[in-house]
1. Tell me, yes or no, whether region A:14-21 has at least one residue that is of a type outside the set (Phe, Trp, Tyr) and within 11 Å of another protein chain (Cβ to nearest Cβ).
2. From A:Phe90, A:Phe106, A:Phe10, A:Phe74, grab the single residue that is among the hydrophobic types (A, V, I, L, M, F, W, C), closer than 27 Å to B:Tyr90 by Cα and touching a His at 6+ places or on another chain (Cβ under 9 Å).
3. Does B:Ala16 satisfy being in contact (Cβ under 8 Å) with a residue 12 or more places away in the chain and surrounded by fewer than 15 Cβ atoms within 10 Å (Cβ to Cβ)?
4. Only one residue in A:Thr70, A:Thr86 is more than 10 Å from every other protein chain (Cβ to nearest Cβ), closer than 30 Å to B:Gly98 by Cβ and over 14 Å from the mean Cα position of the chain (by Cα). Which one?
5. Within region A:45-55, can one find any residue that is touching a residue at least 24 places away in the same chain (Cβ under 8 Å) and either touching a helix residue (DSSP H, G or I) at 6+ places or on another chain (Cβ under 9 Å) or within 11 Å of chain B (Cβ to nearest Cβ) (or both)?
6. Limited to region B:24-36, what total is found for residues that are buried (at least 18 other Cβ atoms within 10 Å of the Cβ) and farther than 13 Å from B:Ser65 by Cα?
Amino acid sequence: NAGVTQTPKFRILKIGQSMTLQCTQDMNHNYMYWYRQDPGMGLKLIYYSVGAGITDKGEVPNGYNVSRSTTEDFPLRLELAAPSQTSVYFCASSSRLAGAETGELFFGEGSRLTVL
Amino acid sequence: AQTVTQSQPEMSVQEAETVTLSCTYDTSENNYYLFWYKQPPSRQMILVIRQEAYKQQNATENRFSVNFQKAAKSFSLKISDSQLGDTAMYFCAFRTSGTYKYIFGTGTRLKVLA
């Protein structure tokens, strides 16, 4: 029972480099999210998606892009990495609230990104 | 605007004792879900307990229970018989029915002392 899987777990980037954080879920969830968590802080929403082909900005979208070509996958791309993007990134998913759904947000294990 | 407030940035408790973490929220909606998540040093976000707003009975999961006061918009977490493994950051969150959005508090760092 994999749940939400994100890769890589750790990555060091140089300023100006680009990379993609991968996220996949096997629970057939409609909603997917990317959060960042700076040291000692709470979660900030970067982007979210309510279904395949539909994405929208969260609180802190600048410097990031996403796509959602399938229900399962929701990659996050960092273009031109900057030190301010040093953070821990969490992918998460949830279902529409219907029937016996619990409304719970399921998280991946997080990806620690350092930009030097 | 919908908000979640955790007014205790840090707390500590002796092993085996009981501790209560506070959470208040603000929403004009009537139907919503409330959650407590635990984030240990491993950084994995783990659901501790959930509460549906339409249920009057407070949720309980083993040593964890909530005191849900809907009129006061309060959702505190009580940890009984605290264990060293309870040391973590705890986040309160809610989600309104019919939306995708989760609102998180800023977290309370709990340290259980031996």
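Coordinate-derived values only; no laboratory data. This one's a predicted model, so the numbers in the text were calculated from it and none came from an experiment. As a convention, Cβ positions derive from the backbone with ideal geometry for all residues, glycine included, and neighbour counts pool all protein chains shown.
1. Pass one, region A:14-21, residues of a type outside the set (Phe, Trp, Tyr): A:14-21.
Of the ones still in play, those that are also within 11 Å of another protein chain (Cβ to nearest Cβ) are none.
No, because not a single residue in region A:14-21 is of a type outside the set (Phe, Trp, Tyr) and within 11 Å of another protein chain (Cβ to nearest Cβ).
2. Numbers: A:Phe90 fails: touching a His at 6+ places or on another chain (Cβ under 9 Å); A:Phe10 fails: touching a His at 6+ places or on another chain (Cβ under 9 Å); A:Phe74 fails: touching a His at 6+ places or on another chain (Cβ under 9 Å).
Among A:Phe90, A:Phe106, A:Phe10, A:Phe74, only A:Phe106 is among the hydrophobic types (A, V, I, L, M, F, W, C), closer than 27 Å to B:Tyr90 by Cα and touching a His at 6+ places or on another chain (Cβ under 9 Å).
3. Numbers: in contact (Cβ under 8 Å) with a residue 12 or more places away in the chain: yes; surrounded by fewer than 15 Cβ atoms within 10 Å (Cβ to Cβ): yes.
So B:Ala16 fits the description; yes.
4. Working: A:Thr86 fails: closer than 30 Å to B:Gly98 by Cβ.
The unique qualifying residue is A:Thr70.
5. Residues of region A:45-55 that are touching a residue at least 24 places away in the same chain (Cβ under 8 Å), as a first pass: A:46-47, A:49.
Still in the running and either touching a helix residue (DSSP H, G or I) at 6+ places or on another chain (Cβ under 9 Å) or within 11 Å of chain B (Cβ to nearest Cβ) (or both): A:49.
Yes, region A:45-55 has at least one match.
6. Of all residues in region B:24-36, those buried (at least 18 other Cβ atoms within 10 Å of the Cβ) come to B:25, B:32-36.
Then keep just the ones that are farther than 13 Å from B:Ser65 by Cα; that gives B:25, B:32-33.
Count: 3.
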